[in-house]
Amino acid sequence: MKKIKYFYNTNTLRYEKFITPLRVKLLRTLGLIAAVLVAGFAFTQISNYYFPTTGEKKLEQENKQIQYDYAFLQEELNQLKIQMKEIEDRDNEIYRTIFEANPIPDSARQKLIDKKKEATLVAKLSNEELNESIINQISVLRARFQSQKKSFNTIETLIKNKEALLAATPAIQPVSNRELSRIASGFGTRIDPVYKTTKFHAGLDFAAPQGTPIYATANGVVSFAGNAGNGYGNYVIINHGFNYETLYGHMVRVKAQTGQRVTRGEVIGWVGSTGKSTGPHLHYEVHKSGQKLDPIYFFYNDLTPEQFDRMLKIASAGNQTFD
């Protein structure tokens, strides 16, 4: 049975029934509904926070695993970057220095690097951002590796060219001269043995008995072998490549033939006194790009520093030539 409420009306001086207005009833009902909704929402949020659903738990675990994997991959990438930097530094500071090649600028190696700095922590990155970050870094490393591979290919070519250059450089004496006793006349202004006037002597004269073997001083191809009537008598010219040529004059007999490929130390003929000559000897010249150079500076494979100093003094003496 509904309880009836009364109140004392001071105007009528009687007890009257308490009747709640409809407006008040509506406000109370709306307030109750709002309170229920707010309480329900708060309960749902608290429940979801402290008691996640199975799907949410699974997603959270996957997210944590992704972040862990990213951290692991990031560490691996950092180690690769360190190793890549060491290789690049070695390339610039050692290999290219040895072969006198210009270092590769970092811009060429890292032209695909994104200049945008990462300011967001790993924990705040979405899965898509994590994937994109890893892909970008791998792309950068791939570009650097490709650039480094190209650099090493260039260095390999430099090595081969350097080996070929060394093999093509006249680096030994053309006759056996261990005691350094066979230098008869050096490079420069000397006295002509026939006309007794001073003239420029474009090579070295090695005095040796007729028939002494003459050796090619570097690898190359014989461009001339014979007698051209120009005062050299029987002589040989070898083209070594890299703009180097050597000439061997006054041979008693020539062994090498035009077009023949010879190697350093190979016998190409024998000492004689043919042509404009006053006695058995070898006239030896070194040419670089058509210019005649002092051969004494090319005997580094044959001489110790002390022997070179001694030979330099012998060759610089202002004596008479043999041709």
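List of remarks:
- Residue in region 140-163 that is among the hydrophobic types (A, V, I, L, M, F, W, C) and modelled with pLDDT of 75 or more present: no
- Scanning region 254-274 finds no residues that are touching a Gly at 6+ places or on another chain (Cβ under 6 Å), of a type in the set (Ser, Thr, Tyr) and either assigned to a strand (DSSP E or B) or exposed (fewer than 15 other Cβ atoms within 10 Å of the Cβ) (or both).
- All of 212, 189, 198 fail the test of being of a type in the set (Val, Ile, Thr) and free of Cβ contacts under 8 Å to residues at least 12 places away in the same chain, apart from 198.
Results for (1) touching a residue at least 24 places away in the same chain (Cβ under 8 Å); (2) out of contact with any Cys (no Cβ under 6 Å at 6 or more places or on another chain); (3) among the aromatic types (Phe, Trp, Tyr); (4) closer than 24 Å to residue 184 by Cα, shown as yes or no for each residue.
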| residue | (1), (2), (3), (4) |
| --- | --- |
| 227 | yes, yes, no, yes |
| 248 | yes, yes, yes, yes |
| 263 | yes, yes, no, no |
| 291 | no, yes, no, yes |
| 298 | yes, yes, yes, yes |
| 304 | no, yes, no, yes |
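- Here the condition is being at pLDDT below 95 and at negative phi; of 166, 180, it holds for 166 alone.
The values are calculated or read from the model by the stated rules, or taken from the named source; none is laboratory data. Everything numeric here is computed off the predicted structure, so don't read it as measured data. All Cβ positions, even for glycine, are placed from backbone atoms using ideal geometry, and neighbour counts span all protein chains on display.
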